1. So what is the relative contact order for region 294-352, in percent, with contacts set as C-alpha pairs under 8 Å and at least six apart?
2. Which pairs in the list 92/148; 225/318; 159/225 are over 23 Å apart, alpha-carbon to alpha-carbon?
3. In Å and from the alpha-carbon atoms only, list the Rg and Dmax of region 208-352.
4. Which log10 I(q)/I(0) values does region 25-291 give at q = 0.09, 0.13, 0.14, 0.16 Å⁻¹ under the Debye formula, counting every alpha carbon as one identical point scatterer?
5. At R0 = 51 Å, how high is the FRET efficiency between residue 44 and residue 350 if r is their beta carbon distance? Nearest 0.05 is fine.
6. Add +1 for every Lys or Arg and -1 for every Asp or Glu among the other residues with Cβ under 14 Å from the Cβ of residue 120, and state the total.
7. What does a probe at residue 35 reach in region 117-144, counting residues whose amide N is under 18 Å from the point 7 Å along Cα→Cβ?
8. Could you check the simple spin-label distance between residue 153 and residue 103, using points 7 Å along Cα→Cβ, in nm with one decimal?
Amino acid sequence: MSLFHYLTLTWLMICWPTLSIAAEGQESAATDWCSRYGKLAPLAAVEVASGVFLIEGQLEEVFASSHGHVANVTFIVGETGVAVIDTGANVKVGCRIHRTIRQHTNLPIRYVINTHVHLDHIFGNAAFVSDTPIFIAHEKFPTALAAKGRHYQARLEAKWDAPQPIISPTRLVRRQKPMSPKQQNRAKSKKDDSGLDSVQPGPAAKRIKSIVLGKRVLQLEALEKGHTDHDLLVLDVKTNTLVAGDVLFDTHCPVIDGSLLGWRQILTNLRSRRVSIFIPGHGSARRTPQALENTDRYLARVETEVRVAVHKQLGMMKASLSLAQAESHRWKLCDIFHARNIISAYAELEWE
Ligand SMILES: [Zn+2]
């Protein structure tokens with residue numbers, strides 16, 4: 001064997017596992033990312049509505065946290081399987097979430113839904129790869145993942161000293177205008193065997209707007225720019241539970257990474273919905289729209305004060321240290337996120 005062949009063979013032996021993950025992605029049933037961790041302790045899950053379980057994240061900044069369990073995770077159990085919505089900030093937390101689910105049901109985990117790309121919500125995805133679920137996200141999620149994924153991965157691997165693979169969505173949810181009742185009926189008759197609704201024939205058939213777990217239907221809604229430019233809402237029709245991701249914040253300081261004005265419009269639209277239980281991206285599930293009203297109150301105060309500052313040409317940095325202070329003190333972790341929010345709002349509003 002020539003030196004070249006020997007080196008090639010050695011390289012293939014070392015790199016093949018990585019290559020096969022890249023080539024086959026999450027479809028590979030062989031990759032059990034949890035096996036390395038042995039038996040992990042499950043997390044506390046509360047059944048907030050029939051078959052809807054919330055694993056509430058800790059109110060901490062992800063890099064200051066010891067486990068990376070800072071974002072809310074919801075799992076919904078239907079007759080034929082389970083959907084998991086968000087998966088935590090690293091593989092190990094994802095594995096603990098997986099164990100938690102297995103304490104409640106042995107049904108197959110058929111769907112993993114990411115509400116948006118922020119690292120505290122998606123890096124537990126790998127824990128579910130061996131279940132071969134369908135990974136679902138907003139149609140703009142892949143662009144955001146391409147822009148931020150590697151940076152997030154490097155930071156998380158440095159913090160937890162373990163591989164944190166990036167798992168991409170296999171189905172996307174397209175933004176769409178609200179459908180008329182006639183269009184809704186037509187869409188209903190298009191359900192395919194997999195329980196996925198086809199939006200359009202051809203390449204767009206991979207795009208979906210709801211998933212079915214037996215008699216349980218989860219509606220998926222891809223939003224316009226708000227908290228980010230690719231937020232996804234999940235509504236469990238059976239219990240009217242809205243899993244809102246970071247479109248709603250409770251107790252944890254809101255984070256603006258999209259558009260303040262767009263976000264406020266989304267909240268206005270949400271007010272008219274019939275929702276029984278609101279699950280925010282951070283904080284507690286509630287039967288009242290408290291998280292919606294509090295999030296909007298925060299954004300409204302930021303908007304008002306930033307508009308005045310722009311008018312007075314106060315300057316972005318000065319504004320970030322002085323505006324909406326009374327409001328920022330009403331939330332946890334605003335010492336980390338508030339100044340950044342003011343800068344984001346300033347950049348958005350100064351060119352209006
Ligand atoms: Zn977020």
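Please treat every number below as a calculation from the coordinates, not as lab data. Quick caveat, the model's predicted, so the values are computed rather than measured. Reconstructed Cβ throughout: ideal geometry from the backbone, glycine too, with neighbour counts over all protein chains shown.
1. It rounds to 44 percent for region 294-352.
2. Cα-Cα > 23 Å for 225/318; 159/225; rest within.
3. Looking at region 208-352, its Cα Rg and Dmax stand at 16.2, 58 Å.
4. -0.36, -0.79, -0.93, -1.27
5. Details: r = 44 Å, r/R0 = 0.87.
Efficiency, from the Cβ-Cβ distance: 0.70.
6. Here the charged neighbours net out to -2.
7. 126-133
8. It works out to 3.2 nm between the two label points.
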